[in-house]
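Peer 1: Take a look at this one; I'll ask things after.
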């Protein structure tokens, strides 16, 4: 049974031509089962492959799709901020184009948000070791660093499955361009007294294409943005 939800689904994309149709159709099917009031905001971060062309082709028949095109590559944070700014619905859902989990879990997130009057529902991977020991250590180390620096007790802060109250999210004055964006959201939400509820989800490995996050450049940007965040907050 459909509920009275109003949802903007934001999908950041950079060179995701192999996932464009898959994520759009699967997301649309899930959203249609939940509500009649939704939009899918696909944010292309200046892709160099066929991602934009595929999105434009899909948008001709799928009127629920809104395309945002970054004039230059901004990174995950800049891409999400562009999508969040374009969102017009009461709730904002964000996940990655490579389908990190079964999108039907959005129904669970909506139920949890309603029952707990949560401002944010943040998922964490229940099967984190599926990516291998190296990625597991990276992730645990990063979560520990964020916890020690900012006192945020979230199990899997960078996992790309989050549901927000739109008005609350847009009050956070986000600045990150890189992958620190997830941490920035949670840290600022905690400091603003927002209610955050966590739910476990089964993680699905990327089946096509290449991850854009597992590289030294991304780690360097995260480190720089952590220091920038600390500096900005000390200046206040």
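Peer 1: Considering segment 51-83 alone, what residues qualify as being crowded, with 18+ Cβ neighbours inside 10 Å and over 20 Å from the mean Cα position of the chain (by Cα)?
Peer 2: Hits for segment 51-83 are 54, 58.
Peer 1: Which residues, counting only those in segment 35-50, are closer than 21 Å to residue 161 by Cβ, buried (at least 18 other Cβ atoms within 10 Å of the Cβ) and either more than 16 Å from the chain's Cα centre (by Cα) or modelled with pLDDT under 95 (or both)?
Peer 2: Within segment 35-50, 38 is the sole residue that qualifies.
Peer 1: Let me ask something additional. Select from segment 124-137 the residues that are touching a residue at least 40 places away in the same chain (Cβ under 8 Å) and out of contact with any helix residue (DSSP H, G or I) (no Cβ under 7 Å at 6 or more places or on another chain) and list them in ascending order.
Peer 2: Correct list: 124, 125, 126, 127, 130, 131, 135.
Peer 1: Can I ask one more? May I ask you to say which residue of 159, 175, 164 is in contact with a strand residue (DSSP E or B) (Cβ under 6 Å, 6 or more places away or on another chain), assigned to a loop (DSSP other than H, G, I, E, B), modelled with pLDDT of 90 or more and under 28 Å from residue 51 (Cβ atoms)?
Peer 2: Just one listed residue meets the conditions, 159.
Peer 1: Name every residue in segment 178-207 that is in a helix (DSSP H, G or I) and surrounded by 15 or more Cβ atoms within 10 Å (Cβ to Cβ), in order of residue number.
Peer 2: If the condition is that a residue be in a helix (DSSP H, G or I) and surrounded by 15 or more Cβ atoms within 10 Å (Cβ to Cβ), then 181, 182, 183, 184, 185, 186, 187, 188, 189, 190 are the ones that fit.
Peer 1: Answer yes or no as to whether residue 93 is assigned to a strand (DSSP E or B) and over 15 Å from the mean Cα position of the chain (by Cα).
Peer 2: For residue 93, the condition - assigned to a strand (DSSP E or B) and over 15 Å from the mean Cα position of the chain (by Cα) - is not met.
Peer 1: In addition: Across segment 1-15, which residue is modelled with the highest pLDDT among those that are buried (at least 18 other Cβ atoms within 10 Å of the Cβ) and more than 15 Å from the chain's Cα centre (by Cα)?
Peer 2: Looking at the filtered set, the residue picked out is 15.
Peer 1: Still on this structure, I have one more. Consider residue 207 against the criteria (1) at pLDDT below 90; (2) more than 25 Å from residue 104 (Cβ to Cβ): it satisfies all of them except one. Which criterion is unmet?
Peer 2: That leaves (2) as the condition not met.
Peer 1: Can you tell me which of (1) out of contact with any helix residue (DSSP H, G or I) (no Cβ under 8 Å at 6 or more places or on another chain); (2) under 23 Å from residue 180 (Cβ atoms); (3) part of a loop (DSSP other than H, G, I, E, B) is the one residue 102 doesn't meet?
Peer 2: Every listed condition holds for residue 102 apart from (2).
One line per residue, one yes/no per condition, for (1) within 23 Å of residue 11 (Cβ to Cβ); (2) modelled with pLDDT of 90 or more:
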| residue | (1), (2) |
| --- | --- |
| 126 | yes, no |
| 133 | no, no |
| 151 | no, yes |
| 182 | yes, yes |
| 187 | no, yes |
| 213 | yes, no |
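Peer 1: For segment 146-156, give me the residue count where each residue is surrounded by 15 or more Cβ atoms within 10 Å (Cβ to Cβ) and either part of a helix (DSSP H, G or I) or out of contact with any strand residue (DSSP E or B) (no Cβ under 7 Å at 6 or more places or on another chain) (or both).
Peer 2: 3
Peer 1: Moving to a separate point now. I need the full set of residues from segment 138-158 which are closer than 14 Å to residue 198 by Cβ and in contact with a helix residue (DSSP H, G or I) (Cβ under 8 Å, 6 or more places away or on another chain), in order please.
Peer 2: Scanning segment 138-158 gives 152, 153, 154, 155, 156, 157, 158.
Peer 1: If the Cβ limit is 9 Å and pairs must be 6+ apart or interchain, which residue in segment 208-229 that is at positive phi and part of a helix (DSSP H, G or I) pairs with which residue that is modelled with pLDDT of 70 or more and surrounded by 13 or more Cβ atoms within 10 Å (Cβ to Cβ)?
Peer 2: Cβ pairs passing all conditions: none.
The values are calculated or read from the model by the stated rules, or taken from the named source; none is laboratory data. Bear in mind that the values here come from a model prediction, so they are computed numbers and not experimental data. We place every Cβ from the backbone using ideal geometry, glycine too, and count neighbours over all the protein chains shown.
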